[in-house]
Amino acid sequence: MDGWDRHAPPITEIDVLWIAAGLSCDGDTIAMTAATQPSIEDIVLGGIPWTPKVNFHNPFLSSEVGDDFLRPFHLAAEGKLAPFILVVEGSIPNEKNKSEGYWASLGTDSATAQPITTCEWIDRLAPHAWAVIAAGTCATYGGIHAMAGNPTGCMGLPDYLGWQWKSKAAIPIVCVPGCPVQPDNFMETLLYLLYMATGRAPIIPLDEALRPTWLFGNTVHEGCDRGGYYEQAQFAEQYGSPLCIVKLGCWGPVVQCNVGKRGWMGGIGGCPNVGGICIGCTMPGFPDKFMPFMDQPPGSLLSSAAVQTYGRAIHALRKFTQASLNKVPSWRHQTISPSQQG
């Protein structure tokens with residue numbers, strides 16, 4: 001990450017160019033509208049102190065359409081709009097694996113009247129970008145569309161640009177995975193970059209999969225409110241149970257994700273919190289390495305068997321202690337005075 005100049009002049013105004021023309025369901029854009037810490041309105045309306053003015057260009061949220069919407073993209077590609085943050089949503093197809101046609105595009109080229117492919121936009125914009133964010137698992141690691149055998153040969157942005165790629169400001173690709181992305185995770189990451197732009201934050205800390213470390217440093221299991229049941233070998237046998245759901249197919253003990261603690265919207269929800277198993281959507285190996293989703297993870301067979309050897313005993317001992325703690329100490333009992341006797 002060497003090369004980023006924290007002492008560069010503060011950026012006072014920045015554009016966010018959002019491409020949602022990769023292979024995706026646009027769920028990451030929709031998820032972002034649910035963010036509250038901060039909200040997209042907070043960012044765009046300047047409600048956060050010490051951040052630059054943000055000009056936000058998203059195809060679903062913009063009032064401009066057609067050529068008017070694409071104008072800043074063309075200017076940025078020509079090096080006439082700077083600085084800007086490029087956000088890519090959706091997996092990146094391989095446009096070289098076929099003899100004709102294209103997989104994904106955004107707008108048309110005025111000179112040729114032909115569609116401008118998503119790959120062409122990335123090739124044109126990425127070299128000029130101050131920073132690049134991959135939003136959602138499709139953009140970060142390929143996701144659902146990149147399953148083995150898919151005809152598009154699609155991939156995540158780091159595989160397309162290169163895992164060692166850095167922006168003109170020497171910032172690596174910032175990956176915020178999730179299917180879709182957890183709303184506050186994306187907006188908090190964007191806010192961090194905006195603070196970097198004004199010189200108020202150091203280089204963003206990323207793990208080996210280019211995820212922000214403070215968001216993806218722990219597993220789902222470590223933040224799950226069902227974790228205590230796992231420790232005591234209390235496993236759900238059917239959906240709707242409040243017990244640990246690892247035997248129902250939950251990959252929480254190994255998946256790096258904070259949704260158990262953060263919830264989904266306003267701190268509420270999140271897969272295990274509402275009884276849904278974790279299927280590993282924030283991991284580079286998703287979905288292929290986590291299928292079939294409803295089967296118990298192979299590694300958990302050994303761990304859950306091992307925890308049963310002491311978990312049940314520990315639970316029994318705790319019940320015994322709990323029974324004692326639920327009784328008022330004998331010295332607090334009221335003493336019957338002599339005047340009350342007889």
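The values are calculated or read from the model by the stated rules, or taken from the named source; none is laboratory data. Since the model is a prediction, treat every value here as computed from it, not as a measurement. Reconstructed Cβ throughout: ideal geometry from the backbone, glycine too, with neighbour counts over all protein chains shown. What goes into the accessible areas is simple: the full protein's heavy atoms, side chains included, and nothing from ligands, DNA or RNA. Shrake-Rupley method; radii C 1.70, N 1.55, O 1.52, S 1.80 Å.
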### Message
Below 8 Å, C-alpha to C-alpha, sequence gap of six or more: please give me the relative contact order for the range 205-271 in percent.
### Response
33 percent
### Summary
By the mean-Cβ-within-10 Å protection proxy, highest first, 269-280, 212-223, 124-135 rank as 124-135, 269-280, 212-223
### Listed values [x] 88, 51, 42; [y] 53, 44, 41; [z] 107, 49, 38, entry calculated as Cα extents along the principal axes in Å
[z]
### Query
Normalised by the number of residues in the chain, what is the relative contact order in percent for Cα pairs under 8 Å and 6+ residues apart?
17 percent
### Query
How about the range 1-106: which GluC sites (Glu not before Pro) there lie in a loop by DSSP and see at most 13 other Cβ atoms within 10 Å?
GLU64, GLU78, GLU100
### Task
Just need the relative contact order of the range 104-185 here, percent rounded to a whole number, with Cα pairs under 8 Å and 6+ apart.
30 percent
### Message
Counting only other residues whose beta carbon sits under 14 Å from that of VAL176, what net charge do I get with K and R as +1, D and E as -1?
### Response
-3
### Message
Please give me, ordered by residue number, the chymotrypsin sites (Phe, Trp or Tyr not before Pro) of the range 133-164 that lie in loop per DSSP and have at most 16 other Cβ atoms within 10 Å.
### Response
TRP163
### Message
Taking 0.36 nm per residue of sequence separation and subtracting the Cα-Cα distance, how much length would be gained by fully extending the chain between ASP67 and GLN322, in nm to one decimal?
### Response
84.9 nm
### Task
Give the calculated FRET efficiency between MET294 and GLN334 to the nearest 0.05, with a Förster radius of 41 Å applied to their Cβ-Cβ distance.
0.10
### Query
Modelled label-to-label distance, LYS261 and ASN55, 7 Å Cα→beta-carbon offset: nm?
3.8 nm
### Task
With a 1.4 Å probe and every protein chain kept in, tell me what percent of the accessible surface of the chain is carbon plus sulfur.
57 percent
### Task
List the DSSP H helices in the chain whose Cα atoms stretch 24 Å or more along the helix axis and whose mean Kyte-Doolittle hydropathy is at least -1.0.
298-325
### Query
Going down the list LYS53/LYS96; LYS289/LYS319; LYS166/LYS289; LYS261/LYS319; LYS53/LYS168; LYS98/LYS168, which pairs span over 30 Å between their C-alpha atoms?
LYS53/LYS96; LYS289/LYS319; LYS98/LYS168
